[in-house]
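What follows is calculated from the coordinates using simple rules that are stated; it is not laboratory data. Predicted, not measured: the structure shown is a model, and the values here were computed from it. Counting neighbours? That spans all protein chains shown, and the Cβs are built from the backbone with ideal geometry, glycine included.
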Amino acid sequence: EAKRSKLGVVEFDDALRAKMLAEQNLRRELDAAIANHEFRLHFQPIVDAETLTIVGLEALVRWQHPAGTRMPGDWLPYAEESGLIVPIGRQLVLQAHAAVERFRLPVAVNVAARQLAEPGFVEQLRQDWGDGDWNKLTLEITESALLQDLAHVIDSLSQLRALGARIAIDDFGTGYSSFARLATLPVDVLKIDRAFVRDLSALGGVAVVRAIVSLAEAFELDIVAEGVERLDQLQALTELGVPKLQGYLLGRPGADAPREIDLATVSAG
Ligand code: C2E
Ligand code: CA
Ligand code: CA
Ligand code: CA
């Protein structure tokens, strides 16, 4: 038992030590998980707003830990910080490619800033993905990726697009990318963050979505709204001209991709 003084310094030390121990444990577990291939992609449908047909899948990582499934929230930040996301991401790319073949649907893969910044990322992806199906791959990057060496990022994204992949900006509107900068970025899709979808009942939310829609039209970008949980959100987004939707209302992430949307569930809200 460490002796605690009344001075905050010692308690801070304890907290720091606890954090370091937790990270050491997590590191060991993640190393083992990489060696044992414990990461699995789950798939969430992306749906055409007019027809409600499935036009693609977003791939979301799950850790099939021996003690139970662990959601990305409690380990992915450390995997990114430590760089372990790089070998994990390589395993996921192989699974994503298998999913394209199995489901015959385009798949969107999340790529952390840390992965994109890795020298040789594009070359590695080119080898791992292989020759075909590039037009069925979307890479979702967040605006934080644009805070890295921007020239390098733009170069990488341009190469990936030249191969046929599409680039989506994830959580659009929550980060730093200025609207003006969008024009200079090699980007195809904007994903509207679910914070704006949640706020659609407020005037501010509608204004943000309206702005993103006109921006997308000006730059000829596709749009996906995420976090659609209710029928009124689906209706509002469709009226605002958002072409593609994703969210629990239309389907939760699962190990298997649904063939079609359950319309009864959707209309029941
Ligand atoms: P994200 O890319 O914004 O992914 C969307 C998250 O929202 C997912 O959480 C998804 O399950 C959840 N979601 C989907 N529909 C709804 C809805 O209607 N309501 C609500 N409340 N949530 C919804 P998840 O799977 O826990 O992923 C969290 C984050 O982890 C992702 O956010 C992404 O940033 C990161 N991530 C997930 N998979 C990968 C991966 O394979 N590689 C990398 N680098 N990052 C990943
Ligand atoms: Ca995403
Ligand atoms: Ca997102
Ligand atoms: Ca998000």
Note down the nm distance, to one decimal, between modelled labels 7 Å out along Cα→Cβ at T184 and at E217. 2.7 nm
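Rounded, prolate or oblate for the range 190-232? Axes are the square roots of the Cα gyration tensor eigenvalues, ordered a ≥ b ≥ c, and the cut-off for rounded is a/c under 1.5.
Values: a/c = 2.60, a/b = 1.54, b/c = 1.69.
Oblate.
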Computed P(r) (all Cα pairs; the range 24-114; 5 Å bins; percent): 3, 13, 24, 22, 16, 11, 6, 3, 1, 0
Label the range 66-217 by shape, choosing from rounded, prolate and oblate, from the square roots a ≥ b ≥ c of the eigenvalues of the Cα gyration tensor; if a/c is under 1.5 it is rounded, and otherwise prolate applies when a/b is larger than b/c, oblate when it is not. prolate
Taking the dipole about the Cα centre of the range 86-176, with the C-beta of Lys and Arg at +1 and of Asp and Glu at -1, give me whichever of A99, L125, I88 is farthest to the positive side. A99
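Between A35 and Y78, 0.36 nm times their residue separation minus their Cα-Cα distance comes to what? Don't skip to the answer; put the middle values down first.
Working: separation 43, 0.36 × 43 = 15.48 nm, distance 1.74 nm.
Roughly 13.7 nm would be gained on extension.
About its Cα centre, how strong a charge dipole does the chain have in debye, to the nearest 20, once Lys and Arg get +1 and Asp and Glu get -1 at the Cβ?
Numbers: 27 positive and 39 negative charges, 104 e Å.
Dipole size: approximately 500 debye.
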In a GNM of the chain with a 10 Å cut-off on Cα contacts, which of A35, A216, A225 has the highest mean-square fluctuation? A35
Residue-averaged 222 nm ellipticity for the chain, from DSSP H runs of 4+ at -39500 (n - 2.57), nearest 500: -14000 deg cm²/dmol
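Can you tell me how much longer the chain between E23 and M71 gets when fully stretched, taken as 0.36 nm per residue apart minus their C-alpha distance, in nm with one decimal? Kindly include the intermediate steps, with their values, before the conclusion.
Values: separation 48, 0.36 × 48 = 17.28 nm, distance 1.67 nm.
That pair, E23 and M71, stretches by 15.6 nm at full extension.
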Magnitude of the Cβ-charge dipole of the range 16-106, K/R +1 and D/E -1, about the Cα centre, nearest 20 debye? 320 debye
Give the calculated FRET efficiency between E229 and L263 to the nearest 0.05, with a Förster radius of 22 Å applied to their Cβ-Cβ distance. 0.85
How long is the gain from I154 to Q124 if the chain were fully straight, where each residue apart is worth 0.36 nm and the alpha carbon distance is subtracted? 9.1 nm
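Please compute the net charge surrounding G89, taking Lys and Arg as +1 and Asp and Glu as -1 over other residues with Cβ under 11 Å from its Cβ.
Working: positive: R90, R114; negative: E80, E118, D128.
So the surrounding residues net to -1.
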Taking the dipole about the Cα centre of the range 124-269, with the C-beta of Lys and Arg at +1 and of Asp and Glu at -1, give me whichever of L250, I141, T238 is farthest to the positive side. T238
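Taking the Cα centre of the range 224-269 as origin and charging only Cβ (+1 Lys, Arg; -1 Asp, Glu), how large is the dipole, in debye to the nearest 20?
Working: 4 positive and 7 negative charges, 12 e Å.
The calculation lands at about 60 debye.
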